[in-house]
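The values are calculated or read from the model by the stated rules, or taken from the named source; none is laboratory data. A quick note: this is a predicted structure, and the numbers were derived from the prediction, not measured. Neighbour counts run over all protein chains shown; Cβ positions are idealised from the backbone, glycine included.
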Amino acid sequence: MTEPEIKPEVMRISWGPQHPMSGQTRILIDVDGEVVRRIIADIGFTHRGIEKILENRTFIQGIVPIERMVMADTANIALGYVQAVEEALGIEVPERAKWIRSLICEMGRINSHLYAFGLQVECTGYFPAVFLWTTVDREVLLDLFEKLTGARWSYSFFIPGGVRADLPEGFRDEVRRAVEYLRRRFQDYWDAMVENPLFEMRNRGVGVLSREDAIRLGATGPVLRGSGVDMDVRKDEPYAAYGDLDFKVITEREGDCFARLKVRFHEIEQSLNIMEQIADEIPGGPVRTKVPLFPRSKPGVEALSRVETARGELGVHIFTDGGLKPYRVKINSPTLRNMYVFERLAELNRVLVADLPVILYSIDPWYLDCDR
Amino acid sequence: MQARSEEELVEELKREHPELLHDAIVHRSKRVSVIAKRERVLELARILRDQYGFTQPVSAGAVDYIKEGRMQMIYYLMNPETRFMLMLRVDLPRDDPRMPSMTEIWEAMNFHEREAWEMFGINFEGHPNLTHLLLPPDWRGGYPLRKDFRGEGITP
């Protein structure tokens, strides 16, 4: 990126990509005293060309590279790709596989939201213990992933036509126990953090994004819902088992960092309810249909699949040309959209330098997702 | 003038604005495509935003159809009321890929157009800041997502 000019009274600070709180990106901030006049996000430090890599992999091989986009939330990302492949190739999925997919996606969402919650608390500066709590508590979910898929991260469990394996013996009881444990822990978080006046002061009224601006600037996920727009792909275009599940779309009106945190927090509660419902009501039957290892596509087909990941809407648009590999895969990543919102926030609000980390982590950036 | 179903939206667009678009298609429920004429795409975009409620920009990207000698730029748009996904497509000849920038209509297309510029070499006229987004600022290796791109001999 070439840097734009600045006025003499303004100082430009380059924040990152080596700063511990910036993540793997560079953010240029123009400051006038303590007030941030402009934010410029210089992304691309983790660009790996996933879209180009996918053009050179067969449909099933593509699952592995695309999962690396968001490690904390691999299930949702992989589901976006797998659903697009299924639509492009015309593959049916058995009912039980859809429920298992929803279960894993919700576990991934909690895993990712826990990380986001821990980091947002961490960057207010007062409460380093909370990030350790959330890291410990996600072990419960990682153990479940390990039992089910054989891996704790990036499990490549979804394949076109279903999932790789059925639930192991006693898994539903373990899901219920995990839900019960996490509910108890979330009450602790709520009491310790969300109702903590010190924490609230650092978040309330900071980085406000109005409903109109959220839509106009293309925000997505908890950022959009924190501004009062009830858009959630799980409700708008039910995929997997979400059409049969009972859950609410969480919104908050204020549009500040605190609202975004509360949206994530209540979404975790909804996800726990969904996990419990799936453990109770999952239908029987096969978990995959037979799909050839190297399925051949029809020429000129395209399929756009949308899924709600923890960071917002992910779109995977696959174009085929009749070969064994996709002709082109376009990934509409949620963090890229939210990073643009972050850039504009300094113009919409009075932003202070000390609030920047809180604002940045309230949009829950994942740079590998942003840069692809 | 909010159209109710996908078919009604497509019919209405074809009836009201035949001079602005080549075609309009319903792919499946909540997926609509409009293939715009390159010269008049800004007019069509403004109508889609102001009269049809496609106020939320989602993303944008291109596809390189090398055998047909064209590229297609696709803008993904969302209507927050009906939750339709509309794909506004513009066909560009491969030897002269330029079109007006949509940042005037949807500000947030800024990042996506910069990406399409560096990855496909599409020139967006009127873009406020057409510089590298994901690639390094001194990148001279060509356009990576074009189909005739060969990665050999490029040093970062």
remark   = If we ask which residues in the stretch A:345-370 are charged (D, E, K, R), within 24 Å of B:Ile74 (Cα to Cα) and surrounded by fewer than 24 Cβ atoms within 10 Å (Cβ to Cβ), their number turns out to be 0
remark   = Counted residues in the stretch B:55-69 being part of a strand (DSSP E or B), more than 13 Å from B:Leu88 (Cβ to Cβ) and either β-branched (Val, Ile, Thr) or touching a Lys or Arg at 6+ places or on another chain (Cβ under 6 Å) (or both) come to 2
remark   = A:Glu106: passes all of (1) at pLDDT below 90; (2) closer than 26 Å to A:Val329 by Cβ; (3) within 20 Å of the chain's Cα centre (by Cα); (4) among the acidic types (Asp, Glu) but (1)
ask   = Considering only helices (runs of 4 or more DSSP H) fully contained in the stretch A:188-233, which possess at least 1 residues that are at pLDDT 90 or above and away from chain B (no Cβ under 14 Å)?
value = A:222-225
task = Would you tally the residues in the stretch A:164-187 being modelled with pLDDT under 90 and aliphatic (A, V, I, L, M)?
result = 2
inquiry  = If the requirement is being within 19 Å of the chain's Cα centre (by Cα) and closer than 28 Å to A:Pro357 by Cβ, which of these qualifies: A:Thr124, A:Thr134?
reply    = A:Thr134
remark   = The correct count of residues that are within 22 Å of B:Pro128 (Cα to Cα) and within 10 Å of chain A (Cβ to nearest Cβ) in the stretch B:84-115 is 9
ask   = Mind checking which residues of the stretch A:232-271 are of a type in the set (A, V, I, L, M, F, W, C) and touching a residue at least 40 places away in the same chain (Cβ under 8 Å)?
value = A:Val233, A:Ala240, A:Ala241, A:Leu245, A:Cys257, A:Phe258, A:Leu261, A:Val263, A:Phe265, A:Ile268
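On the given criteria, is A:Ile40 within 14 Å of chain B (Cβ to nearest Cβ) and either in contact with a strand residue (DSSP E or B) (Cβ under 6 Å, 6 or more places away or on another chain) or under 19 Å from B:Glu115 (Cα atoms) (or both)?
yes
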task = Could you list all residues from the stretch A:252-293 that are farther than 30 Å from A:Tyr361 by Cα, touching a helix residue (DSSP H, G or I) at 6+ places or on another chain (Cβ under 6 Å) and in a helix (DSSP H, G or I)?
result = A:Ile278, A:Ala279
Members of the stretch B:51-83 found to be at positive phi and more than 9 Å from every other protein chain (Cβ to nearest Cβ), listed by number = B:Gly53, B:Gly69
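Among A:Ile282, A:Ile278, which is modelled with pLDDT under 90, at negative phi and of a type in the set (A, V, I, L, M)? Let's see the steps before the verdict.
On the way: A:Ile278 fails: modelled with pLDDT under 90.
Going through A:Ile282, A:Ile278 in turn, just one is modelled with pLDDT under 90, at negative phi and of a type in the set (A, V, I, L, M): A:Ile282.
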task = Working only within the stretch B:103-118, note down all residues that are under 15 Å from A:Asp371 (Cβ atoms) and touching a Phe, Trp or Tyr at 6+ places or on another chain (Cβ under 6 Å).
result = B:Phe111
task = Select from the stretch A:313-339 the residues that are surrounded by fewer than 20 Cβ atoms within 10 Å (Cβ to Cβ) and either of a type in the set (Phe, Trp, Tyr) or out of contact with any Pro (no Cβ under 6 Å at 6 or more places or on another chain) (or both) and list them in ascending order.
result = A:Gly323, A:Leu324, A:Lys325
